[in-house]
Structures are given as C-alpha cells and as structure tokens.
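*Asks:* Next up is a structure, given as structure tokens.
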Amino acid sequence: MKKTRHFITLADVNINELNRIFALAEETKANFKNGIRSKILDGKVLALIFEKMSLRTRVSFESGMSQLGGSSMLLEDQHIGFGKRESIADIGHVLSSMVDAIVFRAKSHKSVTELAKYSSCPVINALTDLSHPCQALADMLTIKEEFGTLKGKKVVWVGDSNNVAASLIEIAAKLGVKIVVSSPKGYQFTQDHLNKIIGKDPVEGFAIDLVENPQDAVRQADAVYTDVWVSMGQENEEEERKRAFVNYQVNQKLMQIAGKDAIFLHCLPARRGLEVTDDVMDSGQSRIIEQAANRMHAQKGLLIWLLNEAK
Ligand code: CP
Ligand code: NVA
C-alpha cells in the first residue's frame with residue numbers, strides 16, 4: 001500500500017522535495033502574475049480544521065486551492081467539536097475518505113500527529129504550539145526573492161523562541177541559511193530542542209548562534225525577523241511576557257545596527273508598539289506584505305507537490 005505523505009514538520013520532506021516545492025511555488029507565482037491560473041488540482045477538495053484564529057493561513061489555502069481549480073471547506077471547532085464529539089481516529093478515517101488533503105491548525109501538536117495517523121490523505125500542519133512549517137516555506141521564498149539566493153544568508157530572530165522560530169531553524173538547516181536567535185533568559189531554545197529540529201545532517205552554510213543581546217545579534221543581518229511575544233494560547237502569561245521581552249523590540253535603532261540593506265520580516269499578525277514599532281513595519285526595509293502574500297504561492301507549491309507528485 002502507498003504510504004500517505006504528510007507535512008507536519010520540515011522533517012517530512014527531504015532537500016530535493018523541498019526544492020521541488022519551491023520550484024512549483026515560483027512557477028505558479030509567475031503564472032499568477034501573468035494572469036494564468038492552471039487548473040492543475042481540478043476536482044480536488046481540501047478540508048481546513050481551525051482550532052485557533054487565522055487570517056493568512058486560511059485565506060492563502062482557500063484562495064490558492066480555488067485558483068488551482070480545486071475547492072476547500074472550513075471546519076471550525078464549533079462545527080466538528082474536534083476530539084470532543086468523536087474520536088480523532090474516527091474524524092481522520094471519515095474525513096480522508098471524502099477529501100484529498102486536510103489542513104489543520106491545532107491547539108496541540110499531538111492532535112495533528114494523531115490525525116495524520118488515521119488519515120489516508122495528506123495532513124498539513126497549519127500551526128501548532130511547536131511549529132509552523134507553512135510559514136517557513138513563505139519565509140524562505142521571500143528571502144530568496146530578495147537576495148537571489150539563500151545560501152549563507154543571515155537571518156536574525158529577535159524575540160520568543162516559539163513555533164515560528166522553530167520552523168525557521170528547521171528549514172534553514174535544510175537550505176544552508178545562517179540563523180541567529182536572540183531571546184531573553186527563560187525564553188530560549190534548549191540545546192535538546194535545537195538538536196531535534198536541526199537534525200543530524202544540516203547542509204553546508206547552515207549555522208546557528210544564540211546571542212542574548214539583540215544589539216549584538218543583529219549586526220550584519222540580511223534579515224531581522226520577529227513575532228509576537230504572546231502566542232495564541234499563552235494569553236494568561238501576557239504581563240510577565242511583556243516584561244521579559246521589553247528590551248527585544250525591533251525599532252529603528254535596532255534596524256540601524258542591522259544596516260540599511262537588511263530587510264525586516266514578521267509572520268503577522270503583529271502587535272504594533274510591542275515587538276515592533278510602526279516605523280519599522282511601514283519602512284522601506286519591511287517585506288511583511290510580500291512575505292504574507294508568499295504564503296499563498298508557497299502553499300500552492302506544497303499542494304501541487306503533495307496531491308500530484310509526492311511518492
Ligand atoms: N502568519 C500566520 O499564520 O497568520 P494567521 O495566523 O493569520 O494565519
Ligand atoms: N507565534 C504566533 C504565530 C501566529 C501566526 C502564534 O502561535 O500565535
């Protein structure tokens with residue numbers, strides 16, 4: 001029996017497959033810009049389960065699927081009562097008998113791996129507490145477009161060592177990108193966690209550095225990247241997190257240290273005035289809108305590969 005392929009973390013794809021996803025993304029983006037919308041996923045159906053809020057992820061999957069000739073449906077928790085109304089196993093068996101792929105944003109990473117266990121069609125992780133691999137695809141597409149290459153580029157992550165940062169490191173290890181992580185004490189990756197996401201075989205060009213002081217971290221950055229200090233599900237830690245991250249704001253002063261050629265990235269949504277100031281978000285160095293738009297193009301590449309090509 002053919003093994004079902006999933007996209008739950010970057011570990012689910014090898015380097016050749018990742019490059020193929022990027023090639024498809026670039027091709028479909030060029031087509032889209034030229035007004036060509038090839039119906040390569042004609043008749044295919046995508047189910048989207050969201051246990052948390054979303055703008056970009058939901059819209060990029062739904063629009064992308066529709067532009068490729070397929071269709072999609074949103075299944076909100078209040079409709080299907082994930083894990084409450086029936087077991088995850090039953091949901092996986094039933095849903096995958098009717099749709100071609102399942103996109104799942106879950107409160108817990110384990111729910112996604114559980115669903116994948118029982119699904120006979122691909123399950124795509126649309127963000128969990130541990131990772132956000134679809135975001136990482138768009139991030140790399142954006143950096144590649146900016147600099148023409150990924151090899152040896154230095155991306156400095158300022159802020160929480162969270163799900164988005166974890167997937168960024170995981171993809172960087174596969175593509176030879178340098179990462180510097182600048183997080184305050186108590187919010188830093190453990191060596192154990194890093195070893196797990198980097199894997200045994202990072203490619204040449206990859207390096208990771210943990211530099212606690214953000215002013216030191218951003219020197220010679222090609223990109224400065226941040227995210228919210230309080231992720232979805234951490235709302236009860238808001239006050240202590242705001243205190244812990246107060247010196248980790250990406251503002252004009254920090255961007256000046258990075259240099260005028262550095263770009264600014266944010267996965268969005270942003271809390272303007274907290275982790276980043278308006279003048280950085282809206283500056284000429286900011287690529288936040290291109291980065292968000294690339295969610296759709298990257299995921300189109302992913303969908304075409306998963307549904308039509310993956311073995
Ligand atoms: N970046 C991102 O995943 O955005 P949403 O939460 O709006 O989907
Ligand atoms: N770290 C954020 C990312 C949102 C796209 C969160 O998990 O809420």
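*Asks:* May I ask you to list pairs of residues, at least six apart or on different chains, whose Cβ atoms are under 7 Å apart, with the first in the stretch 124-138 being under 12 Å from Phe61 (Cβ atoms) and the second being among the aliphatic types (A, V, I, L, M) and near ligand 2 (Cβ under 10 Å from one of its atoms)?
*Replies:* From the stretch 124-138, the pairs are Cys134/Ala126.
*Asks:* For the stretch 74-112, name all the residues that are within 25 Å of Gly43 (Cα to Cα) and assigned to a loop (DSSP other than H, G, I, E, B).
*Replies:* Residues satisfying the conditions are Ser97, Met98, Val99, Asp100.
*Asks:* Take the stretch 269-311 and flag every residue that is within 30 Å of Ile40 (Cα to Cα) and of a type in the set (Lys, Arg).
*Replies:* Arg287, Arg295, Lys300, Lys311
*Asks:* Filter the stretch 1-31 for residues that are within 19 Å of Ser63 (Cα to Cα) and either modelled with pLDDT under 95 or of a type in the set (D, E, K, R) (or both) and give the result.
*Replies:* Within the stretch 1-31, Glu26, Glu27, Lys29 qualify.
*Asks:* Search the stretch 77-97 for residues that are more than 14 Å from Lys107 (Cβ to Cβ) and pair each with any residue that is open to solvent by less than 90 Å² (accessible area, probe 1.4 Å) and of a type in the set (D, E, K, R) when their beta-carbon atoms are under 8 Å apart and the residues are at least 6 apart or on different chains.
*Replies:* Ala89/Glu114; Gly92/Glu114
*Asks:* Separate question: Would you be able to say whether some residue in the stretch 281-291 is closer than 28 Å to Ala30 by Cβ, open to solvent by 40 Å² or more (accessible area, probe 1.4 Å) and either assigned to a helix (DSSP H, G or I) or at pLDDT below 95 (or both)?
*Replies:* yes
*Asks:* Which residue pairs have Cβ atoms closer than 9 Å, lie 6 or more positions apart in sequence or on different chains, and pair a first residue in the stretch 43-56 that is of a type in the set (Lys, Arg) with a second residue that is away from ligand 1 (no atom under 15 Å from the Cβ) and outside any helix (DSSP H, G or I)?
*Replies:* Lys44/Leu68; Lys44/Gly69; Lys44/Gly70; Lys44/Ser71; Lys44/Val99; Lys44/Asp100; Lys44/Ala101
The values are calculated or read from the model by the stated rules, or taken from the named source; none is laboratory data. All values derive from a computational prediction rather than experimental measurement. Virtual Cβ from ideal backbone geometry, glycine too; neighbours counted across all protein chains shown. Ligands, DNA and RNA are stripped out before the accessible areas are found, and what is left, the full protein with its side chains, is counted by its heavy atoms. Shrake-Rupley method; radii C 1.70, N 1.55, O 1.52, S 1.80 Å.
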